[in-house]
Each structure stands twice: as structure tokens, then as C-alpha cells.
Amino acid sequence: MKNLLVLLVCLTMMALSASQVYAVSEAAVLFLMISPGARAAGMGEAFVALADDATAVFWNPAGLAFQQGRELTLMHANWLPQFDSDLFYEFGAYRHPVEGIGTFGANITFLNLGKQYITGEDSPEILGEFSSYEFALSGTYGTLISENWSVGVGLRYIRSNLSDVGAGAEKGEGKANAFGFDVATLYKVPMLPQLSFGLNLSNMGPKITYIDAAQADPLPTNLKVGFAYKIVDTKFNKLTVVGDLNKLMVTRHADGTSDPFYKALFTSPWTIVEKERQNIGGEDEKVTGESKIFNGIISGGVEYWYNDMFALRAGYYYDEPGKVKFMSFGAGIQYSLYRFDFGYVSAAEGHPLANTMRFSLSIGF
């Protein structure tokens, strides 16, 4: 039996670092949930209702419609640095407006999972090696349907290259392709232009198959809704507060099967039940009660700009079901057509995301 333990560990830790931690056993290609852009990362990964730069191709394609000019954004992050791993994450996005039609966007996401080794069934002898990675190519479009309201769509090709061989007795390869699409909208309140609301339903599509259709896994279809409010918007000072709510729209059943995405949009539970257990007098554990908690993620943050040159950011990420809670901080500097952003996760020691840093560069044209 081929030993792919190293690869499985890498995948598990990568999944734990993605946004929907509680979805590790529910969906595949969770790298699609890693939030790009150091700017949004500094605000607790809340950006769906702001979406005012090229990273809108991920956060909310409808946000492209309100943007002017062309922009290129590049981001790099060493993933899971505390484990001294060779994982890294790359993201690139570009927007291009076409007068009278709308704004088009394109992006590439790449996650390197490092080098893996194949050993013998009963021996640690290395028989071979291979590299694991996943990537996605996306095209997006946003357009105004009124002065204050826009819609957007996205189409995505997904490639997962986990291994060149099957695990254990499985035949075939750990490779798969899939397609997904997004629909989104952004609305700016006419009587209160500082306030906007956003919605993005992303990664909808057929299940991804590695070995056979019976073992196919759903894509991480995600519903993201949120708001952005510009508390201060003057020439020299700008202060914006944002808030997002994320809900994974995936339904798994006890027999291991899952609903297709179009059905899971209606069957995915909005709450989960936590049963409280306790051991009394050495007896077996007994259920003493239960409580319901929201089966999703809440995040929020603030961004302050001085003279459109220097920015400071802070945010908080709260995922009770996945037991992921952390603060984030960030900063930015803009000069002429260039903007450099930095984001940092301040998580507890031992947390997979602890000390994760994101760096991104944006260039206007």
C-alpha cells in the first residue's frame, strides 16, 4: 500500500486554515475559500459590500461595476508558516472596464501543497515522489442595472492535482477538474450613499470527482452577505466599517452522500446542535442538554485612510462551529498608481493561522 500520510497531513492543515473550518469533511477544493488580498485580510476578511478594488473578482464581482480604470493586484502568502512547511499561496487579479458594456475581471488562484513521497507498503523506503498543487482560473463580469445597483457573475475552472497515484487499494490518480460559477449583487442606498450592501453566492457547480462518481465531493458553495458604511469621508480622513456573514451551502447526509448544489441551497442547515455531555460517577457519558448555534462565520473590521496615502486596518473573525477566532491587523501605503498592503493574523499559539502574513501589490493603469 502506498503511504500518502504526508500529503493527507498537508491537506488537513490547509483545510483547517481555510475560511470554512467546520466544512473540512463536507466539501472538496477548500483552497477556493482562502481569502485573497492583504487589504481584506486586515479587516477580518470582511469585504463583500466594499469590493472596490480588483479583488472584487473574488469577494463580489458586482463591485467591479462601480470601479473606474484598470488595475492589477498580486498577492503572496507563505501558508501555515508555524509548521515550517513549503506551502505557499498566490493570487492575481485584473479588472478592465469597457465603456457602455461593464467591467470585466480575471484572476488566478494557486496553492502549492509541496513535495510528497511514496513509500513501500511495509517499508519506509522512498519509491518515488511527486508535487501536489491546486489552482483555479476565473473570469468575471459586473455591470450597473441602475445608478446605485449592480450585478455580477463569474465562471471558474478548477484543477486539483493531489497525487499521481491512488491511496491504498484505490485505483487511478488523485487528480480532478471541475467548473463553478458565481452570482453577486451590490446595492448602495440612495438616501444614504455611505451605506452599501453586498451578496455573493460563489462556487456553485457539479461535484468534483477524483476516483469515481460514487465518491464525488461537492464544491464549497458559499453564501456571503455583508454591509459597508463610511463613517467619515472627507478629503484627508476616511473611516469605513465593514461586516460579513458567511454560510457554507453544502448538505452532507449520514450515509456520506451529499446533495447537489442547487438542492443544498435550500437544504443546508442554518443552525447546528451541540449536545452537552458529562460523566457522572464514572458512568458512561450522558446527554444533559443541547444548544443551537449559528452554522456560519461572522467577521468585521475597520479601515482608516489618511490623505489617500496611508491606511490602518483591524478586524475580528468569529467562527464558533469551527472553533476559529482571531484578530487581524493591516496597513497600506499608496503612491500615485501603486498600493502596497500588508495583513497579519493574530491568533493563539498553536492555531494553524497564527502569524500568517499576506502581502499584496496593486497597480492602476
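The values are calculated or read from the model by the stated rules, or taken from the named source; none is laboratory data. Everything quoted here is computed from the prediction, not taken from an experiment. In this analysis, Cβ positions are derived from the backbone assuming ideal geometry, glycine residues included, and neighbour counts consider all displayed protein chains.
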Checklist line | Residues being under 18 Å from the mean Cα position of the chain (by Cα), among the hydroxyl-bearing types (Ser, Thr, Tyr) and either modelled with pLDDT of 95 or more or exposed (fewer than 15 other Cβ atoms within 10 Å of the Cβ) (or both) - total across the range 137-171 | finding: 3
Next item on the list: Output the number of the condition that Ser202 fails; it satisfies all remaining conditions of (1) surrounded by fewer than 17 Cβ atoms within 10 Å (Cβ to Cβ); (2) in contact with an Asp or Glu (Cβ under 8 Å, 6 or more places away or on another chain).
Entry: (1)
Notebook entry, point to check: Out of curiosity, is Leu64 modelled with pLDDT of 95 or more, under 21 Å from Tyr338 (Cβ atoms) and not in a strand (DSSP E or B)?
Noted result: yes
Check: Taking only pairs six or more apart or across chains, which ones have beta-carbon atoms under 8 Å, a first residue in the range 191-217 that is more than 27 Å from Asp255 (Cβ to Cβ), and a second residue that is loosely packed, with under 15 Cβ neighbours inside 10 Å and of a type in the set (A, V, I, L, M, F, W, C)?
Finding: Gln194/Ile231; Leu195/Val189; Ser196/Val189; Phe197/Val189
Notebook entry, point to check: Limited to the range 316-351, what total is found for residues that are assigned to a strand (DSSP E or B) and closer than 23 Å to Thr234 by Cβ?
Noted result: 8
Notebook entry, point to check: Does Gly198 fit the bill of being within 17 Å of Tyr157 (Cα to Cα) and not acidic (Asp, Glu)?
Noted result: no
Notebook entry, point to check: If you scan the range 215-271, which residues turn out to be charged (D, E, K, R) and either surrounded by fewer than 15 Cβ atoms within 10 Å (Cβ to Cβ) or more than 26 Å from Leu186 (Cα to Cα) (or both)?
Noted result: Asp217, Asp233, Lys235, Arg252, Asp255, Asp259, Lys263
Next item on the list: Filter the range 326-337 down to the residues that are surrounded by fewer than 19 Cβ atoms within 10 Å (Cβ to Cβ) and in contact with a strand residue (DSSP E or B) (Cβ under 6 Å, 6 or more places away or on another chain), then identify the one that is nearest to Ala314 (Cα to Cα).
Entry: Phe329
Next item on the list: Name the strands (runs of 3 or more DSSP E) wholly inside the range 167-235 in which the number of residues that are farther than 25 Å from Ala62 by Cα and small (Gly, Ala, Ser) is 1 or more.
Entry: 174-188
Notebook entry, point to check: What number of residues in the range 172-195 are within 24 Å of the chain's Cα centre (by Cα) and within 15 Å of Arg159 (Cβ to Cβ)?
Noted result: 7
Check: Can you find even one residue in the range 217-232 that is modelled with pLDDT of 95 or more, of a type in the set (Val, Ile, Thr) and touching a helix residue (DSSP H, G or I) at 6+ places or on another chain (Cβ under 6 Å)?
Finding: yes
Checklist line | Output for the range 290-346, where each listed residue is charged (D, E, K, R) and modelled with pLDDT under 90 | finding: Glu290, Lys292, Asp319, Glu320, Lys323, Lys325
